[in-house]
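Trainee: Starting off with a structure, shown below.
The values are calculated or read from the model by the stated rules, or taken from the named source; none is laboratory data. Bear in mind the structure is a predicted one, so any value in this text is a computation, not a measurement. Cβ placement follows ideal geometry from the backbone for every residue including glycine, while neighbour counts extend to all protein chains displayed. For the accessible areas, the whole protein counts, side chains as well, though only heavy atoms, and no ligand, DNA or RNA atoms are used. Shrake-Rupley method; radii C 1.70, N 1.55, O 1.52, S 1.80 Å.
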Amino acid sequence: MAFGSDRGRFTEMKRSVVDKNLGPLVKTVMTRCIQCTRCVRFATEVAGVQDLGMLGRGSGEEIGTYVEKLMTSELSGNVIDICPVGALTSKPFAFKARNWELKGTETIDVTDAVGSNIRIDSRGPEVMRILPRLNEDINEEWISDKTRFCYDGLKRQRLNDPMIRDANGRFKAVSWRDALAVVAEVALQVKPEEIVGIAGKLSDAESMMALKDLLNNMGSNNVWCEGTGTSPNADLRYRYLMNSSIAGLEKADVFLLVGTQPRVEAAMVNARIRKTVRASNAKVAYIGPPTEFNYDCQHLGTGPQTLIEIAEGRHSFCSAISNAKNPAIIVGAGLFERGDKDAIFAAVEAIAKNGNVIRPDWNGFNVLLLNAAQAAALDLGLVPESSNSIESVKFLYLMGADDVNLDKVPADAFVVYQGHHGDQSVYRANVILPSAAFSEKEGTYENTEGCSQQTLPAVPTVGDARDDWKIIRALSEVAGIRLPYDTLGAIRSRMRTVAPNLLSTDEIEPAAFGPSLSPDCSQKISSTPFKAAVENFYMTDSITRASKIMAQCSAMLLKK
């Protein structure tokens, strides 16, 4: 032949690798894999699960799970970002869009209280995917699977028109004017002490400020945020913030976790604790219901009894705290719902005092919040006047509050639900006012360490929905008690008079006072063991409950 041989000189067998099933989130095309072992190192070192590994030798070498199993970590989606060749890609996003069609918007995640920095990639009106942004102080370069894959919940079960329940119990769509007129008419006929407002766990600071102002102008002071309990102590900021900051946890050498399971409550904080344990062999002890940790952890007990023993110096773990250089105590926000929370906090403060946990150069007293709205709600003073006001309520305003127990609400109460998803509370509502989700509005959120961050709108609102604060502002005008702000700037200058720290974006405002000001507690600690605050990691709020991907994760990954 003039142009060389017509036969190839490749005599070896061509190598192909079977694709692995790693679960509903990560798609594998293992023929692309170059055996760089980044995913193996991520799984073992950062996520703390021995799921992935190298199998075989020589040309038969491949990456996989040692036995046929799914990747169960709550950080598994990060292997998609790490993989340099696309052997591991996002299963829900596969073949949905091309990179150059997408518009990226840098914003904040609201599925937990960490406030991870994310980029929302959208095409037209639809959110196509969510990726992490680098922020060494909060989430480093990782995000949890709930943050990354909950986005399909933003297009399901959405409320897009104002609706009123008619005499037959059916909802019918009406105009904004009619819906607001009905709500205003009822609100003005009710006694002020029978009006209650509850903000949901995804509420931004601006809308909570507007809700509080509206109810205060009506003469009611019964307004709170779900998850903060019936009588929260909002006066002392150190009692609801992570005072050592998320990045500051790396300096700690002993951790005491009280009634918190950081792996499901705040996966990014858990990753930070694991990083510290690996780097400096920090000791971790835990009081609460039996649970899985992805680092060495000593389970001291299940209830407050163990806490009292440590506080009184009778427990063997006391020496570990007192000998530690920087001890850190992390209290779970699930304890806010307990009746004896003041006594528990008093016991934890006694441990902090004995172990020298709070010093001028180190504050290791931390509270790990559960929801994106909690810190801002307590900063703005959303504290109910009476703890059982919901039992005698006649006009109940729910602003995205879906996890409130409505069994005690009287049958003749008028319930307004303002939110973006048709979730649990909609079934009890008399009027529905559709609002914008976090991906469609500009809002301020304060994370668990007290750092304020802002979301930016990535996609347009759905249907006839409006921003939360605009709805409340319009309602106030219809009711004849007009709130004095018309723009986001004006509402923020109103917030400056209440909580100026919410306006200093990306800065942590430390708590000014410590336990020296805490009131003496005469309450008795009950012996009821601590309960788990999060039952299903993948479904915690209205967006994640509406998500199909999260439903698949719950079904496949939680069945042990």
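Trainee: Is it the case that Ile195 is surrounded by 22 or more Cβ atoms within 10 Å (Cβ to Cβ) and within 24 Å of Gln424 (Cβ to Cβ)?
Mentor: Criteria met by Ile195.
Trainee: Return the pairs, sorted by first residue and then second, in which the second residue is assigned to a loop (DSSP other than H, G, I, E, B) and open to solvent by 20 Å² or more (accessible area, probe 1.4 Å), the first residue lies in the range 529-547 and is at positive phi and in the same structural domain as Thr260 (by the TED database), the beta carbons are less than 9 Å apart, and the residues are 6+ apart or on different chains.
Mentor: Filtered contacts from the range 529-547: no entries.
Trainee: Have a look at Tyr417, Tyr445, Tyr397 and point out the one that is outside the structural domain of Gly227 (by the TED database), open to solvent by less than 40 Å² (accessible area, probe 1.4 Å) and either more than 16 Å from Val110 (Cα to Cα) or assigned to a strand (DSSP E or B) (or both).
Mentor: The unique qualifying residue is Tyr445.
Trainee: Let me ask another. Go through the residues of the range 19-34 one by one and say whether even a single one is within 30 Å of Thr276 (Cβ to Cβ), of a type in the set (Ser, Thr, Tyr) and open to solvent by 20 Å² or more (accessible area, probe 1.4 Å).
Mentor: Scanning the range 19-34, I find no residue that is within 30 Å of Thr276 (Cβ to Cβ), of a type in the set (Ser, Thr, Tyr) and open to solvent by 20 Å² or more (accessible area, probe 1.4 Å), so the answer is no.
Trainee: Now, a different point. Tell me the helices (runs of 4 or more DSSP H) entirely within the range 474-560 that contain at least 3 residues that are out of contact with any strand residue (DSSP E or B) (no Cβ under 7 Å at 6 or more places or on another chain), surrounded by fewer than 20 Cβ atoms within 10 Å (Cβ to Cβ) and not small (Gly, Ala, Ser).
Mentor: Output list reads 488-498, 548-557.
Trainee: Across the range 318-352, what is the total count of residues that are open to solvent by less than 20 Å² (accessible area, probe 1.4 Å), more than 23 Å from Lys251 (Cβ to Cβ) and small (Gly, Ala, Ser)?
Mentor: 2
One line per residue, one yes/no per condition, for (1) modelled with pLDDT of 90 or more; (2) in contact with a strand residue (DSSP E or B) (Cβ under 8 Å, 6 or more places away or on another chain); (3) closer than 25 Å to Met556 by Cβ:
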{"site": "Arg15", "(1), (2), (3)": "no, no, no"}
{"site": "Lys20", "(1), (2), (3)": "yes, yes, yes"}
{"site": "Leu52", "(1), (2), (3)": "yes, yes, yes"}
{"site": "Tyr66", "(1), (2), (3)": "no, yes, yes"}
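Trainee: Still on this model: Can you tell me which residue in the range 301-314 is farthest from Glu265 (Cα to Cα), limited to those that are surrounded by 17 or more Cβ atoms within 10 Å (Cβ to Cβ), free of Cβ contacts under 8 Å to residues at least 40 places away in the same chain and of a type outside the set (Gly, Ala, Ser)?
Mentor: Among those residues, the one meeting the criterion is Glu309.
Trainee: Test Val182 against the stated conditions and say whether it is more than 19 Å from Ile390 (Cβ to Cβ), out of contact with any Ser or Thr (no Cβ under 9 Å at 6 or more places or on another chain) and without any contact (Cβ under 8 Å) to a residue 24 or more places away in the chain.
Mentor: Judged against the criteria, Val182 is not a match.
Trainee: Exactly one condition in (1) open to solvent by less than 10 Å² (accessible area, probe 1.4 Å); (2) assigned to a strand (DSSP E or B) is false for Tyr238; which is it?
Mentor: (2)
Trainee: On to the next question. Do you know which residues across the range 423-442 are in a loop (DSSP other than H, G, I, E, B) and surrounded by fewer than 21 Cβ atoms within 10 Å (Cβ to Cβ)?
Mentor: Asn430, Glu442
Trainee: Of all residues in the range 84-123, which are open to solvent by 70 Å² or more (accessible area, probe 1.4 Å), not hydrophobic (A, V, I, L, M, F, W, C) and not in a loop (DSSP other than H, G, I, E, B)?
Mentor: Correct list: Asn99, Glu101, Lys103, Glu106, Arg119, Arg123.
Trainee: Could you pull out the residue among Gln157, Gln189 that is outside the structural domain of Ala266 (by the TED database), on the phi > 0 side of the Ramachandran plot and open to solvent by 20 Å² or more (accessible area, probe 1.4 Å)?
Mentor: Gln157
Trainee: Mind checking which residues of the range 497-543 are of a type in the set (Lys, Arg) and within 26 Å of the chain's Cα centre (by Cα)?
Mentor: Lys531 - this is the single residue of the range 497-543 that is of a type in the set (Lys, Arg) and within 26 Å of the chain's Cα centre (by Cα).
Trainee: Within the range 357-375, identify whether any single residue is in a helix (DSSP H, G or I) and open to solvent by 40 Å² or more (accessible area, probe 1.4 Å), and answer yes or no.
Mentor: Within the range 357-375, not a single residue is in a helix (DSSP H, G or I) and open to solvent by 40 Å² or more (accessible area, probe 1.4 Å).
Trainee: Are any of the residues in the range 260-280 open to solvent by less than 30 Å² (accessible area, probe 1.4 Å), assigned by the TED database to the domain that holds Gln305 and in a strand (DSSP E or B)?
Mentor: Checked against the condition, which is being open to solvent by less than 30 Å² (accessible area, probe 1.4 Å), assigned by the TED database to the domain that holds Gln305 and in a strand (DSSP E or B), the range 260-280 yields no hits at all.
Trainee: Tell me the residue from Asn78, Asn135 that is open to solvent by 10 Å² or more (accessible area, probe 1.4 Å), among the polar types (S, T, N, Q) and not assigned by the TED database to the domain that holds Arg263, please.
Mentor: Exactly one of Asn78, Asn135 is open to solvent by 10 Å² or more (accessible area, probe 1.4 Å), among the polar types (S, T, N, Q) and not assigned by the TED database to the domain that holds Arg263, namely Asn135.
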